[in-house]
Amino acid sequence: MMNDRDPMLQSLFAEAQDDLAGDAFVATLMSKVDRHVRLARLLWIGIGLALILCAWFAAGPMQEAALAVTFGLSQPLFPLHDGLFAALVAPLNTYAGVFALLLLIIRSTRRALFAS
Amino acid sequence: MVGLACNGDRDAFAELVRRRQSWIRNLMRRCSGDPVLADDLAQTVFLQAWRNISQLRKPSRFGGWLKRLAVTVWLQHLRKHDPLLNADEIDGAGGVAHAIAGREPGIATDLDRALAALAGPVRLCIVLSYHEGMTQSEIADLTELPLGTVKSHINRGTRQLQTLLSDYNEKARSEEPHDE
């Protein structure tokens, strides 16, 4: 591969290179870095506070919702009287049981279709 | 030093900047032709370096990583200010000529004036080749331009610079010792 460079241009580029004093440049940059660090800290504190507030206000309603969902899922699909049969099918005779069965079917179908 | 900076050590990063600032500022000066703009862009490069240095996996590659950042910052600047960059039709001399006009005469000023006459991508390839000493394949890799394009940019830019800086060529020839 050709990487030949013109010697005159090469020497001009070398001569044009200045050794630039960096004190002012570094000071300006580091003040920007410090500002960035402060802003990042403030942002994280803000996010933390927002999360705490959300948890504070949402804890009650979320707990109620979780209880309602748990109660709903455990309701029997078909009313069965007490007995051995009722006790045997009890885990499947709920909305939660149907959901679990559906998930298992979807997973095994996916594996059957896409397994290499 | 780089390892410390990767872990968020501010003083280590400041020392890294102190060591590399002249190199990056010179690179940006050759690209932009404007010392003030070059320093602004160099500041942007180092700020981005500070923000992303924790993602640097191999500290030994800091130099190459910084160079890639610098090229990215310069390309972003070009895209922001030169919408025709991708069409390769820009005339980079417009904004730079004003900045060069007020500078002290000298090799750097003459070189920057000549570089300003080149189109943005040509200028970048020339600077990476002559200022950074990179090979054409390294430039293609860094700029994500096809190798053939890099070759033609460098050939075209070299010819243009030879013409624009012909005074220096003649001067160099006249200073060569003559065999009699």
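The values are calculated or read from the model by the stated rules, or taken from the named source; none is laboratory data. Just so you know, these numbers come straight off a predicted model, no measurement behind them. Every residue, glycine as well, gets a Cβ built from its backbone with ideal geometry; the counts of neighbours run over all protein chains shown. Heads up: the accessible areas ignore ligands, DNA and RNA and are worked out on the full protein's heavy atoms, side chains in. Shrake-Rupley method; radii C 1.70, N 1.55, O 1.52, S 1.80 Å.
Looking at A:ALA16, A:ALA27, A:ALA21, A:ALA58, which is the one that is of a type in the set (Gly, Ala, Ser) and under 23 Å from B:ASN7 (Cα atoms)?
A:ALA27
Conditions tested, residue by residue: (1) open to solvent by 40 Å² or more (accessible area, probe 1.4 Å); (2) on the phi > 0 side of the Ramachandran plot; (3) over 28 Å from the mean Cα position of the chain (by Cα).
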site	(1), (2), (3)
A:ALA14	yes, no, yes
A:ASP19	yes, no, yes
A:MET30	no, no, yes
A:HIS36	yes, no, no
A:ALA40	no, no, no
A:TRP44	yes, no, no
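Of everything in segment B:164-180, what is at pLDDT 65 or above and open to solvent by less than 100 Å² (accessible area, probe 1.4 Å)? Give them in sequence order.
Within segment B:164-180, B:LEU164, B:LEU165, B:SER166, B:TYR168, B:ASN169, B:SER174 meet the criteria.
Answer yes or no as to whether A:ASP23 is surrounded by 11 or more Cβ atoms within 10 Å (Cβ to Cβ) and within 14 Å of chain B (Cβ to nearest Cβ).
no
Step by step: first the residues of segment B:4-25, then only those that are farther than 27 Å from B:ILE126 by Cα and within 8 Å of chain A (Cβ to nearest Cβ), then the one that is surrounded by the most Cβ atoms within 10 Å (Cβ to Cβ). Which residue is that?
B:PHE13
Residue-wise test of (1) touching a His at 6+ places or on another chain (Cβ under 6 Å); (2) at pLDDT below 85; (3) within 14 Å of another protein chain (Cβ to nearest Cβ).
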residue: B:GLY33; (1), (2), (3): no, yes, yes
residue: B:ALA42; (1), (2), (3): no, no, yes
residue: B:LEU56; (1), (2), (3): no, yes, no
residue: B:GLU89; (1), (2), (3): no, yes, no
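I'd like to know if segment A:68-86 contains one or more residues that are exposed (fewer than 11 other Cβ atoms within 10 Å of the Cβ), among the charged types (D, E, K, R) and more than 9 Å from every other protein chain (Cβ to nearest Cβ).
yes
Among the listed residues B:MET1, B:MET28, identify the single one that is of a type in the set (A, V, I, L, M, F, W, C), outside the structural domain of B:GLY157 (by TED's automatic domain parsing) and exposed (fewer than 15 other Cβ atoms within 10 Å of the Cβ).
Of the residues listed, the single one that is of a type in the set (A, V, I, L, M, F, W, C), outside the structural domain of B:GLY157 (by TED's automatic domain parsing) and exposed (fewer than 15 other Cβ atoms within 10 Å of the Cβ) is B:MET1.
Take A:ALA112 and decide whether it is exposed (fewer than 10 other Cβ atoms within 10 Å of the Cβ) and farther than 30 Å from B:ILE107 by Cβ.
yes
I'm trying to understand the selection: among the residues of segment B:129-152, which are in a helix (DSSP H, G or I) and out of contact with any Lys or Arg (no Cβ under 9 Å at 6 or more places or on another chain)?
Result: B:SER137, B:GLU138, B:ILE139, B:ASP141, B:THR143, B:LEU147, B:GLY148, B:THR149, B:VAL150, B:LYS151, B:SER152.
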